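**Q** Let me give you the structure first, and then I'll get to my questions.
The values are calculated or read from the model by the stated rules, or taken from the named source; none is laboratory data. These figures come from a predicted structure and were not determined experimentally. Glycine also receives a Cβ, built like all others from the backbone with ideal geometry; neighbour counts cover every protein chain displayed. Remember, those area values only see protein heavy atoms, side chains included, never the ligands or the DNA or RNA. Shrake-Rupley method; radii C 1.70, N 1.55, O 1.52, S 1.80 Å.
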Amino acid sequence: MDAALDGEIKRLTALGLHRRCVEGGLARTAALTLEINRLKAEKNAVICAHVYQTPEIILGIGDLTGDSYKLAADCRTTAADSIIFCGVHFMAETAKILNPSKKVYVPSKNAGCSLSEAVTAADVRGLKAAHPGLPVVTYINTSAEVKAESDCIVTSANAEKILRRLYEKHDRLIFIPDRFMGANLAATLGKTPGKDIILWHGTCVVHEKFDPALIAVYRRRYPGLVALAHAECPAELISAVDFMGGTGDMMRYVAGTNAAAYLLVTECGFGELAALKFPEKNFIAMCRLCPYMKSITLGSVLALLKDPSPEEVTVPPGIAARAKTAIEKMFELAA
Ligand code: 13P
Ligand code: SF4
């Protein structure tokens with residue numbers, strides 16, 4: 001066997017990737033990661049990978065990895081000429097807004113997001129007209145046009161902190177587009193939806209459908225189990241778990257505790273990554289696949305590196321400038 005390929009198989013094996021079911025087997029995966037990493041270096045590109053991507057993307061080719069907030073923050077410091085975003089389109093748009101001189105690409109035309117698609121810039125203008133003077137706080141899972149109509153962006157990692165700070169100055173605010181996350185934040189902060197916090201009707205197709213009754217079933221089955229859920233889940237689910245947060249918070253919780261077992265209520269990639277990072281811990285993934293995140297494969301990343309032009313992400317400069325102000329407000333208030 002070719003020495004370079006042999007070395008790549010050993011590298012992926014050391015990362016634990018031989019223990020999971022990779023597309024086409026380990027040798028095929030190693031051939032792809034080897035070629036992607038070679039082309040990436042040749043083209044001075046950096047690969048951002050969200051934790052809902054497959055472990056072979058995150059561990060095999062990812063340079064910057066983590067949750068939405070960490071990826072947005074970290075891509076601002078890269079010296080690469082281009083950013084390949086293995087995540088969804090709004091994440092890549094955010095990277096483009098923050099790094100206008102760099103080329104940004106998403107290796108899929110189908111990497112949307114149900115939350116992002118739930119609200120338009122015209123909807124936000126309508127909300128502002130209906131509730132004049134209220135600050136518009138917008139989840140990062142939205143388009144650049146929606147961000148441009150907003151006062152401050154938040155992610156799951158900082159929404160609670162930022163809302164607390166904004167409520168020091170405002171009695172009421174608008175939070176879009178995730179109605180479940182908005183209601184969960186309202187409950188945490190003692191605010192009333194419709195009165196103190198105006199919500200929109202967006203939902204995440206992955207997190208909206210988990211069955212809260214199953215949590216009790218798993219608790220009986222696995223004594224000492226700790227259940228964690230993403231903040232995009234509905235309130236009935238959140239009230240049945242031990243911890244609510246974003247993916248970064250959930251991973252830190254797992255790293256810092258020693259439970260008999262962890263029930264992870266989120267996208268399946270998170271559980272797969274957790275199992276590789278913490279092989280000594282027990283995980284039960286009560287998970288669902290995100291069709292948008294999973295539209296990216298090693299094959300689509302390689303195709304993009306060979307011909308990037310069809311997948312370039314662009315944001316009109318006027319929209320980008322206004323959206324950037326709202327994103328910078330997030331960095332200021334999250335600090
Ligand atoms: P995180 O920022 O928590 O990673 O969430 C992103 C996301 O799309 C969750 O569905
Ligand atoms: Fe959007 Fe939900 Fe997929 Fe996250 S998991 S990218 S919120 S559809």
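**Q** Restricting attention to region 151-183, which residues are touching a residue at least 40 places away in the same chain (Cβ under 8 Å) and within 14 Å of ligand 2 (Cβ to nearest atom)? Before the answer, list the steps.
**A** So in region 151-183, the residues touching a residue at least 40 places away in the same chain (Cβ under 8 Å) come out as 151-159, 161-162, 165-166, 172, 174, 176-178, 180-181, 183.
Val154, Thr155, Ser156, Ala157, Ala159, Ile176, Pro177, Asp178, Phe180, Met181 - these are the residues of region 151-183 that are touching a residue at least 40 places away in the same chain (Cβ under 8 Å) and within 14 Å of ligand 2 (Cβ to nearest atom).
**Q** Hey, another quick one. Just need a number here: residues in region 233-265 that are in contact (Cβ under 8 Å) with a residue 40 or more places away in the chain, closer than 25 Å to Leu64 by Cβ, among the hydrophobic types (A, V, I, L, M, F, W, C) and part of a strand (DSSP E or B).
**A** Taking region 233-265 and keeping what is in contact (Cβ under 8 Å) with a residue 40 or more places away in the chain, we get 233-235, 238, 244-249, 251, 263, 265.
Filter once more, keeping what is closer than 25 Å to Leu64 by Cβ: 245-249, 251.
Of the ones still in play, those that are also among the hydrophobic types (A, V, I, L, M, F, W, C) are 251.
Still in the running and part of a strand (DSSP E or B): none.
Of the residues in that region, 0 qualify.
**Q** Looking only at region 203-223, count how many residues are more than 16 Å from ligand 1 (Cβ to nearest atom) and either open to solvent by 50 Å² or more (accessible area, probe 1.4 Å) or not in a loop (DSSP other than H, G, I, E, B) (or both). Step through it out loud before you land on a result.
**A** Kept after step one, since they are more than 16 Å from ligand 1 (Cβ to nearest atom), are these residues of region 203-223: 211-223.
In the following step, the residues that additionally are either open to solvent by 50 Å² or more (accessible area, probe 1.4 Å) or not in a loop (DSSP other than H, G, I, E, B) (or both) were identified as 211, 213-223.
Matching residues across region 203-223 total 12.
**Q** Would you confirm whether or not region 118-137 contains a residue that is within 26 Å of Leu166 (Cβ to Cβ), open to solvent by less than 30 Å² (accessible area, probe 1.4 Å) and touching a Gly at 6+ places or on another chain (Cβ under 7 Å)?
**A** Within region 118-137 (the criterion being within 26 Å of Leu166 (Cβ to Cβ), open to solvent by less than 30 Å² (accessible area, probe 1.4 Å) and touching a Gly at 6+ places or on another chain (Cβ under 7 Å)), the answer is yes, since at least one residue qualifies.
**Q** Of all the residues that make up region 70-93, how many are outside any loop (DSSP other than H, G, I, E, B), touching a residue at least 40 places away in the same chain (Cβ under 8 Å) and either away from ligand 1 (no atom under 16 Å from the Cβ) or under 12 Å from the mean Cα position of the chain (by Cα) (or both)? Give the steps one after another, and end with the answer.
**A** So the first thing to find is which residues in region 70-93 are outside any loop (DSSP other than H, G, I, E, B), and the list is 70-77, 82-86, 89-93.
Filter once more, so that each one left must be touching a residue at least 40 places away in the same chain (Cβ under 8 Å): 70, 72-73, 82, 84-86, 89-93.
Checking which are either away from ligand 1 (no atom under 16 Å from the Cβ) or under 12 Å from the mean Cα position of the chain (by Cα) (or both) leaves us with 70, 72, 82, 84-86, 89-92.
Count: 10.
**Q** Within region 142-150, is even one residue under 23 Å from Met251 (Cα atoms) and within 16 Å of ligand 2 (Cβ to nearest atom)?
**A** The initial filter retains those residues of region 142-150 that are under 23 Å from Met251 (Cα atoms), namely none.
No, region 142-150 contains no residue that is under 23 Å from Met251 (Cα atoms) and within 16 Å of ligand 2 (Cβ to nearest atom).
**Q** Just to be sure, is Gly126 over 24 Å from Phe331 (Cβ atoms) and in a loop (DSSP other than H, G, I, E, B)? Full working, then the answer.
**A** Working: over 24 Å from Phe331 (Cβ atoms): yes; in a loop (DSSP other than H, G, I, E, B): no.
Criteria not met by Gly126.
**Q** Give me the residue from region 1-38 that is closer than 19 Å to Ile84 by Cβ and open to solvent by 50 Å² or more (accessible area, probe 1.4 Å) and, out of that set, nearest to the chain's Cα centre (by Cα).
**A** The selected residue is Glu23.
**Q** I'm told Phe243 meets every condition in (1) surrounded by 21 or more Cβ atoms within 10 Å (Cβ to Cβ); (2) touching a Phe, Trp or Tyr at 6+ places or on another chain (Cβ under 9 Å) except one. Can you identify the failing condition by its number?
**A** All conditions are met except number (1).
**Q** I'm trying to understand the selection: among the residues of region 269-283, which are open to solvent by less than 60 Å² (accessible area, probe 1.4 Å) and either of a type in the set (D, E, K, R) or within 12 Å of ligand 1 (Cβ to nearest atom) (or both)? First the steps, then the outcome.
**A** Going through region 269-283, the residues open to solvent by less than 60 Å² (accessible area, probe 1.4 Å) turn out to be 269-271, 273-276, 278, 281, 283.
Result: Gly269, Phe270, Leu273, Lys281.
**Q** Testing Ala41 on (1) outside any loop (DSSP other than H, G, I, E, B); (2) open to solvent by less than 60 Å² (accessible area, probe 1.4 Å); (3) farther than 11 Å from Leu302 by Cβ; (4) more than 16 Å from ligand 1 (Cβ to nearest atom), one condition comes back false. Which one is that?
**A** (2)
**Q** Further question: Could you grab me the full set of residues in region 284-317 that are more than 16 Å from ligand 1 (Cβ to nearest atom) and open to solvent by 50 Å² or more (accessible area, probe 1.4 Å)? Talk me through it step by step, then tell me what you get.
**A** In the first step, residues of region 284-317 are kept if they are more than 16 Å from ligand 1 (Cβ to nearest atom); the result is 284, 297-317.
Result: Ala303, Lys306, Asp307, Ser309, Pro310, Glu312, Thr314, Pro316, Pro317.
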